[in-house]
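One structure is given here, and the rest of the page talks about it.
The values are calculated or read from the model by the stated rules, or taken from the named source; none is laboratory data. Quick caveat: nothing in here was measured; it's all calculated off a predicted structure. Cβ coordinates were reconstructed from backbone atoms using ideal geometry, including for glycine residues, and neighbour counts include every protein chain displayed. The area values use the complete protein model at the heavy-atom level, side chains included, leaving out ligands, DNA and RNA. Shrake-Rupley method; radii C 1.70, N 1.55, O 1.52, S 1.80 Å.
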Amino acid sequence: MNFGKLQLNDNIKNKLSAAIDSGTLSHAILLTGGTQKERKSLAVLIAQTLFCENDSKPCGKCGSCKKIKNGVHPDIIITEGEAGKQRSIKIDDVREIRNRAYIMPNEAPFQIFIILEASSMGEEAQNALLKILEEPPSTARFILASRSRDDLRQTVLSRVTSFALSEDSGQAAGEKENAKAAKAAEDIIKALLTKDEYKIVLGTGAVEKDRKLFKAAAEKIILILRGAVISRYTDYSGDGAQWAMRLAETFSDRQLIDMQNKLKELFADADKNANENLLLTRLSMELASCADI
Ligand SMILES: [Zn+2]
């Protein structure tokens with residue numbers, strides 16, 4: 001892949017080139033870091049590379065490259081939020097993207113939906129997008145761009161492959177928190193699998209006194225519980241797939257769904273200023289009760 005005048009670190013150049021050359025670029029990617037202009041330029045460059053008709057991609061000269069550069073390619077749909085303005089990409093905008101994604105491309109093999117400043121999607125809009133990221137039509141690809149991973153919901157992040165234009169400190173901190181939440185989620189799931197109430201109480205201690213971590217871990221566990229149910233019917237390869245499989249072996253669908261619902265309730269209550277110790281007690285009790293312990 002030719003990066004032209006775009007100044008990027010070798011890490012992202014190598015990662016992107018390898019994924020595109022081998023045809024393994026994920027159907028949904030997220031570009032973070034850098035400036036707003038750099039993210040936009042890179043998103044357009046990737047789109048050109050995917051559609052370019054020549055060997056040295058993007059050539060900048062073929063019909064596809066030119067149409068994309070001039071913003072007139074019928075299969076490239078760009079939605080751009082206003083930087084720092086929450087909800088400037090509305091749920092209706094995302095619904096439009098979803099509807100459009102099911103329409104056949106005009107001339108290219110697939111359509112590319114570029115969502116710039118993706119953090120300007122509110123929670124509702126991100127949830128609407130999630131539905132199509134989870135089960136995208138084979139003719140739709142997504143390129144999201146945002147200042148930092150922190151600005152997007154965990155559920156959306158779990159569906160995209162991230163490429164960082166620069167290692168900003170916010171991003172590094174976000175990744176650290178993400179790893180912490182994944183570890184906390186894993187501890188709770190391990191405890192659940194023992195079916196031992198005391199171990200469940202200990203396991204939930206990982207998120208003690210940290211509401212943000214509590215919520216992030218709860219979101220991860222909900223995803224894995226969903227994965228557990230899905231894994232019975234089809235291959236599940238999402239985050240925590242190995243835990244999803246173990247959960248499916250240990251619990252019935254009803255138990256797994258009860259656990260998801262309880263976690264969603266607790267997640268909503270965490271925002272309502274509920275007492276943190278109480279939340280934790282409820283978490284272990286409710287999970288044990290769903291597991292019929
Ligand atoms: Zn070209």
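For segment 143-161, the set of residues classified as within 19 Å of Gly81 (Cα to Cα) and either open to solvent by 40 Å² or more (accessible area, probe 1.4 Å) or not β-branched (Val, Ile, Thr) (or both) consists of Leu144, Ala145, Ser146, Arg147, Ser148, Arg149, Asp150, Asp151, Leu152, Arg153, Leu157, listed by residue number.
Quick check on my filter: what residues within segment 50-77 are open to solvent by 30 Å² or more (accessible area, probe 1.4 Å), part of a helix (DSSP H, G or I) and near the ligand (Cβ under 9 Å from one of its atoms)? Once the filter is applied, which keeps residues that are open to solvent by 30 Å² or more (accessible area, probe 1.4 Å), part of a helix (DSSP H, G or I) and near the ligand (Cβ under 9 Å from one of its atoms), segment 50-77 yields Gly63, Lys66. For Leu16, the requirement of being within 16 Å of the ligand (Cβ to nearest atom) and part of a helix (DSSP H, G or I) is not met.
Considering Ala47, Ala83, Ala43, the condition of being away from the ligand (no atom under 13 Å from the Cβ) and within 21 Å of Pro105 (Cα to Cα) is satisfied by Ala43 alone. Kindly evaluate Ala248 against the criterion of being small (Gly, Ala, Ser) and within 27 Å of Glu175 (Cβ to Cβ). Spelling it out, it is not the case that Ala248 is small (Gly, Ala, Ser) and within 27 Å of Glu175 (Cβ to Cβ). Tell me whether segment 98-115 contains one or more residues that are acidic (Asp, Glu), open to solvent by 10 Å² or more (accessible area, probe 1.4 Å) and at pLDDT below 95. The answer is no; no qualifying residue exists.
Considering Ile68, Ile78, the condition of being farther than 22 Å from Leu130 by Cβ and free of Cβ contacts under 8 Å to residues at least 40 places away in the same chain is satisfied by Ile68 alone.
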